[in-house]
Amino acid sequence: MSFVAAEIATQPDLWVRATTLAAEPAVAAALPGRGARVAVVGCGTSLYMARAWAARREELGYGETDAFPASEFPAARRYDRVVALTRSGTTTEIVRLVSALRGVTPTTVITADASLPAGAAADSVVELAFADEKSVVQTRFATTALALLRSAVGDPLDRAVADVRAELARPVPAGYRDRRQFTFLGTGWTVGLAEEAGLKLRESAQAWAEAYPAMEYRHGPISVADEHALVWVFGAAPEGLRAEIEQTAATVITSAADPMAELVGAQRLAVELAERRGLDPDAPRNLTRSIVLTDS
């Protein structure tokens, strides 16, 4: 079994642990409270988790929340706190941004190792060492960080944990693996999850995978859908969209499960596709665990 397959299977227990951690006074103090104006940043997978949480925090009435790639943070804007997600703690863009914000804006870094440069530069650190991974491909660290952040804004995870246990107990449907093109759609906070699902298939399986806000899918991307396509909607599909996609002969997936459980389904599909194609899902080509840039 690959590292990533084993790591995917541990997620329900890690989400429970993250929920408990979010209630600890020191962690609660490190995360922005209700009404704070917040920016959350990341790179790659962490960016998509940032986008999901930013939208969810606003949906739940906790305050204005923006999400940015760390390299595109708008320096002229002012926030009450900046939250940075980085599994490795060494990603150059994160380290540079958190360092630049010292003394200007309070920062919190969520990472797997608080002793590394991002954590050392931050005002506050939440360490998720128990969710760290051996695989280059992120799965459980990202979802555990999101579970922590969802819990911090009062988003119950009982259903998510039950749904992901059910997801892990069933096989990936064989028909999913036979598709040639994969599209993931979301609305609100699930757009970030859809983007992450597409990334997982591209990284692990070198698959033709895309992601869009669900209502945007009609505005051009639906033109590539045919009998070889799979379109997976995270969360509720906008009215009429499923019927329109089915007219293309694409396979459409919708579910009442918590969207984070659906993301785990996509993670599992990515691993199966990679193995079927003779690829190593732990070490995708051209990727490393952390992007560390050298100064010119």
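The values are calculated or read from the model by the stated rules, or taken from the named source; none is laboratory data. This structure is a prediction, so every number in the text was calculated from the model and none was measured. Counting neighbours? That spans all protein chains shown, and the Cβs are built from the backbone with ideal geometry, glycine included. When the accessible area is computed, the model is the full protein with side chains, heavy atoms only, and any ligands, DNA or RNA have been set aside. Shrake-Rupley method; radii C 1.70, N 1.55, O 1.52, S 1.80 Å.
General observations
- Residue in region 178-207 that is farthest from P12 (Cα to Cα), counting only those that are free of Cβ contacts under 8 Å to residues at least 60 places away in the same chain and not in a strand (DSSP E or B): R180
- Whichever residue in region 51-72 is within 17 Å of F141 (Cβ to Cβ), in contact with an Asp or Glu (Cβ under 9 Å, 6 or more places away or on another chain) and not basic (K, R) and, among such residues, is surrounded by the fewest Cβ atoms within 10 Å (Cβ to Cβ): A70
- Inter-residue pairs, beta-carbon under 6 Å, first open to solvent by 40 Å² or more (accessible area, probe 1.4 Å) and in region 235-263, second among the aliphatic types (A, V, I, L, M) and not in a loop (DSSP other than H, G, I, E, B), 6+ apart: R242/V252; E246/V252; T251/L230; T254/V233
- Any hit, region 127-145, residues being within 16 Å of A30 (Cβ to Cβ) and among the small types (G, A, S): yes
- Only one of the numbered conditions (1) assigned to a loop (DSSP other than H, G, I, E, B); (2) in contact (Cβ under 8 Å) with a residue 60 or more places away in the chain is not met by G175, and that is (1).
- From A162, A114, residue being assigned to a helix (DSSP H, G or I) and either crowded, with 23+ Cβ neighbours inside 10 Å or not aromatic (F, W, Y) (or both): A162
- Residue count, region 119-159 (criterion: part of a strand (DSSP E or B) and open to solvent by less than 40 Å² (accessible area, probe 1.4 Å)): 2
- Residue ID - surrounded by the most Cβ atoms within 10 Å (Cβ to Cβ), chosen from residues in region 73-85 that are touching an Asp or Glu at 6+ places or on another chain (Cβ under 9 Å) and either among the charged types (D, E, K, R) or in contact (Cβ under 8 Å) with a residue 60 or more places away in the chain (or both): R81
- E210 at pLDDT 95 or above, of a type in the set (D, E) and in a loop (DSSP other than H, G, I, E, B): no
- Residue within region 176-193 that is closer than 22 Å to A257 by Cα, touching a strand residue (DSSP E or B) at 6+ places or on another chain (Cβ under 7 Å) and among the charged types (D, E, K, R) present: no
- Of all residues in region 1-24, those that are more than 25 Å from G154 (Cα to Cα) and in contact (Cβ under 8 Å) with a residue 60 or more places away in the chain have Cβ atoms under 7 Å from Cβ atoms of residues that are open to solvent by less than 30 Å² (accessible area, probe 1.4 Å) and part of a helix (DSSP H, G or I), 6 or more apart or on another chain, in S2/V271; V4/V271; A5/V271.
- When we screen V264, V292, V252 for residues that are within 22 Å of R165 (Cβ to Cβ) and either modelled with pLDDT of 95 or more or over 20 Å from the mean Cα position of the chain (by Cα) (or both), the only hit is V264.
- Hits in region 177-232 (condition: surrounded by 22 or more Cβ atoms within 10 Å (Cβ to Cβ) and polar (S, T, N, Q)): T183, T190, S204
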